[in-house]
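Here is the structure we will look at.
The values are calculated or read from the model by the stated rules, or taken from the named source; none is laboratory data. No experiment lies behind these values; they were computed from the predicted model shown. Positions of Cβ are generated from backbone atoms using ideal geometry, with glycine treated the same way; all protein chains shown enter the neighbour counts. Only protein heavy atoms, including side chains, enter the accessible area calculation; ligands, DNA and RNA are left aside. Shrake-Rupley method; radii C 1.70, N 1.55, O 1.52, S 1.80 Å.
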Amino acid sequence: MTAPLRTIGLLGGTFDPIHYGHLRPAEEVREALQLAELRLIPARIPPHRPRPRAGPAQRVELVRRAVADNPSARVDERELHRDGPSYTVDTLAALRAELGDVSLCLILGYDTFLGLPTWSRWRRLFEDAHIVVTERPGAAGPLPAPLGDELERRRSSDPADLRRSPAGRILFQAVTPVDISATGIRRALALGESVRYLTPEPVRQHMAEAGLYGYPRL
Ligand code: ATP
């Protein structure tokens, strides 16, 4: 029997702002897969995304504050420092080159997983990482056919499979559904509504102090 590899979870996102819908499912994946590390990788926001939004430095600051008390979490800013668009497939290849023989597990909410075939060189992702799909309330719909084919070939129902090999499997991990979105938080702030308990308190405080997303400046 193959010995388990050091297993690292990767959570990419715009984190505009980070919230419990990112953090709680990722924590449950950490436990189920016995992750040695959870790496949060803030993405550059493509210019066509609608405003209002926070700049990269602010989004990273919010992510840092969100996980400051979490010894397993690490914030990786590489996509923000790279010029031009950041493709996940390139980020994964860079991480693989750095980290060597580890298991890399890319964590995606179901909404994001459904869009996978639109990503650049998406089938190559499986050379460097596994994919762990978590439920997301409101995200439903049929799998695009090419994704269904990949799923049939790669699906595993045992987290241990992902710990024993570096890449290439797809696992659906049951998590507590958390119906929170960054869009919802931005909208609430624009309307002057409370966002308390949707995100860790240090995140809410920083948004208030910096007047982010229309939060009235303290
Ligand atoms: P926005 O509302 O601005 O589109 P978002 O809340 O969807 O943002 P992202 O930063 O785009 O957050 O998401 C990053 C990753 O986290 C994606 O894989 C997404 O599917 C997942 N995710 C975000 N919110 C949830 C949630 N509530 N439950 C499960 N997964 C989530």
Amide H neighbours of R155 under 5 Å, at least 5 residues apart or on other chains, H built in the peptide plane: list them. I170
Approximate spin-label separation D158-E31, in nm, with each point projected 7 Å along Cα-to-Cβ: 2.3 nm
Taking a ≥ b ≥ c as the square roots of the Cα gyration tensor eigenvalues, with a/c under 1.5 meaning rounded and otherwise prolate when a/b beats b/c or oblate if not, the range 1-105 comes out oblate
So what's the back-of-envelope 222 nm ellipticity for the chain, counting only DSSP H runs of four-plus at -39500 (n - 2.57) apiece and dividing by all residues, rounded to 500? -11000 deg cm²/dmol
Low-density loop positions, trypsin sites (Lys or Arg not before Pro), the range 183-218 - DSSP coil, at most 13 other Cβ in 10 Å: R196, R217
In a GNM of the chain with a 10 Å cut-off on Cα contacts, which of A167, A68, A43 has the highest mean-square fluctuation? A68
Using all C-alpha to C-alpha distances in the range 7-178, build P(r) with 10 Å bins and read off the rounded percent in each one. 10, 39, 40, 11, 0
Spin-label model distance (nm) - A94 vs T183, 7 Å beyond Cα toward Cβ: 2.8 nm
Please report the spacing between the Cα centers of the range 141-185 and the range 4-73 in Å, no decimals. 17 Å
Using modelled backbone amide H atoms (1.01 Å from N, in-plane), which distant-in-sequence or interchain residues come within less than 5 Å of L10's amide H? R39, C105, L106, I107
Carbon/sulfur fraction of accessible area - the range 98-218, other protein chains in place, 1.4 Å, %: 49 percent
